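Q: First, the structure itself, so that you have it in front of you.
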Amino acid sequence: MTASPMIIYTLTDEAPALATASFLPIVRTFAAPAGIDVATSDISVASRILGEFPEFLTEQQRVSDNLAELGRLTLLPDTNIIKLPNVSASVAQLKVAIKELQDKGYKVPDYPDSPKSDEEKALRARYTKCVGSAVNPVLREGNSDRRAPLAVKNFARKHPHSMAEWSQASRSHVSHMHHGDFYHGEKSITLDRARDVKMELITKSGKTVVLKPKVSLQDREVIDSMFMSKKALLAFYEQQIEDAYKTGVMFSLHVKATMMKVSHPIVFGHCVKIFYRDAFEKHGALFEELGVNVNNGMVDLYNKIASLPQSKQDEIKSDLHACHAHRPELAMVDSAKGITNVRSPNDIMVDASMPARIRNGGKMWVADGRLK
């Protein structure tokens, strides 16, 4: 090798930055005697935004597109990247980051909620590269190894997570769809030869919409399709919410909305509308006029109605609160701040939230700060 070996350590957002401050010096100290350089690469949400829109910035404000560069490096056999957990930034978080950057003098464009012109559609497409779910596909394009070293496994076995007691009388349970979901509607085939296929949507009226005119597939490649029934999903939500209300069990929703970024925010949004159905039926036309997108959670609704006269805001909030009279208690992400389980789709990530519920003895927090 002509160049000295290097490990690239990614800099991300929030809590991982605290770990980096203590862990990165250890990594560098450990690697130095072996002649290994440990460099850093900033792939935080703010950095990804600035790297995507250099033409809107001054020369001094511009930063390199680190994620794109790391994507290129993953295809090289001698690349080593330590990827820290990144914030699974939803559109709501992305817009907050954009506003913060704009307030600090970075003239990045606004995120177009409802793009109409080709320019707005292009901006939105570029911003999709900046959300949290855009990171992993890029960095895992190469030879990604997520296995835990034996020493880490042995430590975990010796020092397991604390486990709260599960009451014999606990009614905590997990419900999932048994029909009409993606699993139920999935079909796949293994091709007998290389061929080109096209993707079409045939609507109820019989109209054919070409989604992709040509996809080239290889011999023995697997092609897979799936769909979810909206009707079955809404019926499932209504049934489970009603069951939780009647049995006194708290209701919580656990999805992967920030990673399965096409389908799961929609799944999340339907739950919000079912839970607050009466309010959405009463104010649906106004919400549509305001551009409320419940796929981004209740936080998007509250942000959009903030432009209305105070009396109208109070009426809407009163109608939303009235829904709780015949709905089960909602699980809380942060009881002290009043943040519920359906406030934002990225507040609950099933990978982390379900193990936490199990370790808490099948309980979650309610509004008054108790575990239930």
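The values are calculated or read from the model by the stated rules, or taken from the named source; none is laboratory data. Just so we're clear, the structure is a prediction, and the values are computed from it rather than from any experiment. Because the Cβ atoms are built from the backbone with ideal geometry, glycine has one as well, and the counts that use them run over all protein chains shown. With ligands, DNA and RNA removed, areas are computed over all heavy atoms of the protein, side chains included. Shrake-Rupley method; radii C 1.70, N 1.55, O 1.52, S 1.80 Å.
Q: If you rank Leu75, Leu234, Leu217 by how much accessible surface each has, with a 1.4 Å probe, what is the order from largest down?
A: The most accessible residue leads, giving Leu75, Leu234, Leu217.
Q: Follow-up question, since we're still on this one. Which percent of the accessible heavy-atom area of segment 230-360 goes to carbon and sulfur, probe 1.4 angstrom?
A: Roughly 54 percent, rounded to a whole number.
Q: Once every DSSP H run of n ≥ 4 in the chain is given -39500 (n - 2.57) and the sum is divided by its residues, what mean residue ellipticity at 222 nm do you get, rounded to the nearest 500 deg cm²/dmol?
A: -12000 deg cm²/dmol
Q: Further, regarding this structure: Please name whichever of Ile241, Val210, Gly284 sits farthest to the positive end of the charge dipole of segment 208-339, dipole taken about the Cα centre and charges placed at Cβ: Lys and Arg +1, Asp and Glu -1.
A: The residue sitting farthest along the positive end of the dipole is Val210.
Q: Using alpha carbons only, how many degrees (0 to 90, rounded to 10) separate the axis of helix 264-275 from the longest principal axis of the chain?
A: Between the helix axis and the principal axis of the chain, the angle is about 20 degrees.
Q: Oh, and also: Could you give each residue of segment 26-32 its phi-based ³J(HN,Hα) in whole Hz, using Karplus coefficients 6.51, -1.76, 1.60 with θ = phi - 60°, and x for Gly or Pro?
A: 5, 4, 5, 5, 5, 7, 4
Q: Can you give the accessible area of Tyr237 in Å² (nearest 10), computed on protein heavy atoms with a 1.4 Å probe?
A: The accessible area comes out at roughly 10 Å².
Q: Rounded to a whole number, what % of the accessible area of segment 1-115 do carbon and sulfur atoms account for, probe 1.4 Å?
A: 60
Q: Next question, about the same structure. What FRET efficiency do you get for Ser114 and Leu286 if R0 is 22 Å and r is their Cβ-Cβ distance, rounded to the nearest 0.05?
A: After rounding to 0.05, the efficiency reads 0.85.
Q: Let me ask another. Specify which labelled value, from [x] 31, 25, 19; [y] 38, 21, 19; [z] 37, 29, 26, agrees with semi-axes √(5λ) of the Cα gyration tensor in Å derived from the coordinates of the model shown.
A: Label [z] holds the value from this structure.
Q: Could you do me a favour and compute the accessible area per residue for segment 6-139, 1.4 Å probe, result in Å²?
A: 54
Q: How much accessible surface does Ile36 have with a 1.4 Å probe, in Å² rounded to 10?
A: Answer for Ile36: close to 50 Å² accessible.
Q: How much accessible area per residue does segment 286-372 have, in Å², with a 1.4 Å probe?
A: Solvent-accessible surface per residue comes out at 49 Å².
Q: What is the set of long-range amide H partners of Thr40 at a cut-off below 5 Å, with H atoms built 1.01 Å from backbone N?
A: Distant-sequence amide H within range of Thr40: Tyr9.
Q: State, in angstrom, two size descriptors of segment 230-360 derived from its alpha carbons: Rg to one decimal place and Dmax to the nearest whole number.
A: 14.7, 45
Q: Something else: With an 8 Å cut-off on Cα pairs and a minimum separation of 6 or more residues, tell me the relative contact order of segment 150-260 in percent.
A: Relative contact order, segment 150-260: 26 percent.
Q: Find the relative contact order for the chain and round it to a whole percent, using C-alpha pairs within less than 8 Å whose residues are 6+ positions apart.
A: This gives 14 percent for the chain.
Q: If you don't mind, there's one more thing I want to ask. Could you check what % of the DSSP bridge pairs in segment 166-308 are antiparallel, to the nearest 5?
A: 100
Q: Moving to a separate point now. If you count the DSSP beta bridges with both ends in the chain, what percent of them are antiparallel, to the nearest 5?
A: 60
Q: How many Å³ per residue does the convex hull of the Cα positions in segment 6-139 occupy?
A: Taking the convex hull of the Cα positions in segment 6-139, it is 122 Å³ per residue.
Q: Next up: What nm value, rounded to one decimal, do you get for the distance between Ala164 and Val27 when each label is placed 7 Å out toward the C-beta?
A: 3.4
Q: Probe radius 1.4 Å, ligands and nucleic acids left out: which of Tyr106, Tyr302, Tyr127 has the largest accessible area, and how do the rest follow?
A: Ranked list, largest accessible area first: Tyr302, Tyr106, Tyr127.
Q: Additional query: If you plug each phi of segment 103-113 into the Karplus form 6.51 cos²θ - 1.76 cosθ + 1.60 with θ = phi - 60°, what whole-Hz ³J(HN,Hα) values come out, in order, with x for Gly and Pro?
A: Per-residue couplings from phi come out as 5, 8, x, 8, 8, 6, x, 5, 7, x, 5 Hz.
Q: Hey, another quick one. To the nearest 20 debye, what charge dipole does segment 230-360 have about its Cα centre, counting +1 at the Cβ of each Lys and Arg and -1 at the Cβ of each Asp and Glu?
A: 320
Q: Let me ask something else. Would you mind checking the radius of gyration and Dmax of segment 216-257 based on alpha-carbon positions, in Å?
A: Over segment 216-257's Cα set, Rg and Dmax evaluate to 17.8, 54 Å.
Q: Moving on to the next point. Where the convex hull is taken over the Cα atoms of segment 134-254, what is its projected area averaged over directions, in nm²?
A: 14.2
Q: While we're looking at this one, here's another question. Which whole-Hz couplings ³J(HN,Hα) result when phi for each residue of segment 348-365 is put into the Karplus expression 6.51 cos²θ - 1.76 cosθ + 1.60, θ = phi - 60°, listed in order with x for Gly and Pro?
A: Running phi through 6.51 cos²θ - 1.76 cosθ + 1.60 with θ = phi - 60° gives 10, 10, 3, 4, 9, 6, 5, x, 5, 5, 5, 5, 8, x, x, 10, 9, 7 Hz.
Q: Sorted by accessible area with a 1.4 angstrom probe, largest first, how do Val366, Val96, Val333 fall?
A: Val96, Val333, Val366
Q: Enter the accessible area of Leu11 (Å², nearest 10), with the probe set to 1.4 Å and all protein chains included.
A: Counting only protein heavy atoms, the figure is 50 Å².
Q: Same structure, new question: Relative contact order, percent, of segment 82-215 when contacts are C-alpha pairs under 8 Å separated by at least 6 residues?
A: Answer for segment 82-215 is 14 percent.
Q: Now for a different question. Calculate, for segment 143-243, the solvent-accessible area per residue in square angstrom, rolling a 1.4 angstrom probe over the heavy atoms of the protein chains.
A: Accessible area per residue: 87 Å².
Q: Take Lys153 and Glu200, extend 7 Å from each Cα along the Cα→Cβ direction, and tell me the distance between the two endpoints in nm.
A: A separation of 5.0 nm, rounded to one decimal place.
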